[in-house]
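In what follows, a structure is listed as structure tokens, so that the remarks can point back to it.
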Amino acid sequence: MRPFAFERASDIGQAARQGRETGQGQTDARAQFLAGGTTLIDLMKLDVLRPARVVDITPLQARYSAIEAGPRGLRLGSLAKMSAAAEHPAVLHDYPVIAQSLQLAASAQLRNMATLGGNVLQRTRCPYYRDPSWTACNKRSPGSGCAAIGGFNRNHAVLGVDEACIAQYPGDFATALAALDAQVELSGPDRQRLIAFEALHRPAGDPHLETTLAPGEVITAFAIPAGPWTRRSLYLKIRDRQSYEFAIASAAVALDLDGDVVRQARIGLGGMAYRPWRAHEAEALLTGQPLTEANAEAAARVALAGAVTHGDNDYKPELGRRTLVRALMQAKAMEI
């Protein structure tokens, strides 16, 4: 691990000012925030991230870790622990897709350490990114190429990719947030702002720039609007082993049904995309239609229609379709 300066923020304004210093893009930022540290410390040890300054924001937990549920929706403080949100009674009862996306992530020990804000900003598990001995990685070294395209890419993305990068976004919680139209509250050196969660992660093109966060901006909360679909919701995660493993395909589904007919559908896809993925076209296809297995299969075909594979991950579009169909039919069968 390389030398770095360690600073502790006493308020959000100080954190924003201390975190404002950046280097080449977000992957090589000169300053990094420390909350749970479950991603940052690993990547510093691997010499993938080399911050000159680490800003500890854990003293802000008392103010930014509240979990509040009401008639207008759910508000999750960014410094709340994953385990606290997963076990919260209102989240379990009214937003099961969020609870499940957190329960199925990582391990109990990591969920007790990791924060919600840090979780959505976690970096890809692409082995070429996490191993600096591979020189061709546009996330680490812009313009160097993507070793995964011609290499081993079984767990890489098939949606939202281009010739610059096929890394897969690894998170579960973010897939549920994308499906539920969540918003992100941000505080920076010069302003506070509110953005749609879908606007937080950048599309492929400049892989070293992963988010739309400005230098020094801190996520302070997530706001999930109430809706008739939140209780009939679930997160289905397919992985190579039953626990402590990242998804190779997942679906976050929320439904508002009138009998068997879909009034509204919310669909997020994980384990297959470059960034948290919302399947808007599939939702539109289901709206106003009876939720039969045939219609679910048609929606799944639309959701994966743009998939691009690179050899080892040729199996993913079919697995993704089957995962979505299964999630939709399980959500339909829920008793609420």
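Key figures
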| read-out | value |
| --- | --- |
| In Å², nearest 10: area of MET329 left accessible to a 1.4 Å probe | 50 |
| Over 25 Å [Cα-Cα, region 97-252], rounded percent | 36 |
| Net charge, TYR274 excluded, C-beta distance under 15 Å - Lys, Arg +1, Asp, Glu -1 | +2 |
| Nitroxide proxy distance, nm - points 7 Å out along Cα→Cβ at ALA284 and ASP190 | 3.6 |
| Accessible-area ranking of LEU319, LEU92, largest first, probe 1.4 Å | LEU92, LEU319 |
| Cα-based shape type of region 236-283, given that a ≥ b ≥ c are square roots of the gyration tensor eigenvalues and the cut on a/c is 1.5 | oblate |
| Kirkwood hydrodynamic radius of region 135-205, from inverse mean 1/r over distinct Cα pairs, in Å | 14.2 |
| Cα centroid of region 131-154 to Cα centroid of region 54-79, whole Å | 36 |
| Shape of region 249-311, Cα gyration tensor, a/c cut at 1.5 | prolate |
| Part-to-part distance (alpha-carbon centres) for region 167-220 and region 233-287, which is given in Å | 19 |
| Compactness of region 66-139 as Cα Rg over 2.2 N^0.38 Å, two decimals | 1.38 |
| Helix-only CD estimate at 222 nm, as mean residue ellipticity for the chain, using -39500 (n - 2.57) per DSSP H run (n ≥ 4) | -7000 deg cm²/dmol |
| Top positive-direction residue, dipole computed over region 102-226 with Cβ charges, set CYS165, SER107, CYS137 | SER107 |
| Cubic angstrom per residue, convex hull over Cα atoms of region 181-336 | 141 |
| Equivalent ellipsoid dimensions for the chain as semi-axes, Å, which come from the Cα gyration tensor, largest first | 32, 25, 16 |
| Prolate/oblate/rounded call for region 6-134, Cα gyration tensor, a/c under 1.5 rounded | oblate |
| Spread of Cα-to-Cα distances over 10 Å intervals beginning at zero, given as percent, for region 161-271 | 13, 34, 35, 16, 2 |
| Probe 1.4 Å - accessible area at ASP56, Å² to nearest ten | 10 |
| Largest-first principal axis extents of the Cα set of region 174-239 (Å) | 39, 28, 16 |
| Lysines with Cα under 18 Å of LYS316, excluding same-chain neighbours fewer than 8 positions away | LYS237 |
| Calculated over region 49-109: convex hull of Cα atoms, volume per residue (Å³) | 124 |
| Qualifying GluC sites (Glu not before Pro) for region 248-336 [loop in DSSP, other Cβ within 10 Å: at most 10] | GLU335 |
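The values are calculated or read from the model by the stated rules, or taken from the named source; none is laboratory data. Since this is a predicted model, take the numbers as computed values, not measurements. Positions of Cβ are generated from backbone atoms using ideal geometry, with glycine treated the same way; all protein chains shown enter the neighbour counts. All accessible areas refer to the heavy atoms of the entire protein, side chains included, with ligands and DNA or RNA removed. Shrake-Rupley method; radii C 1.70, N 1.55, O 1.52, S 1.80 Å.
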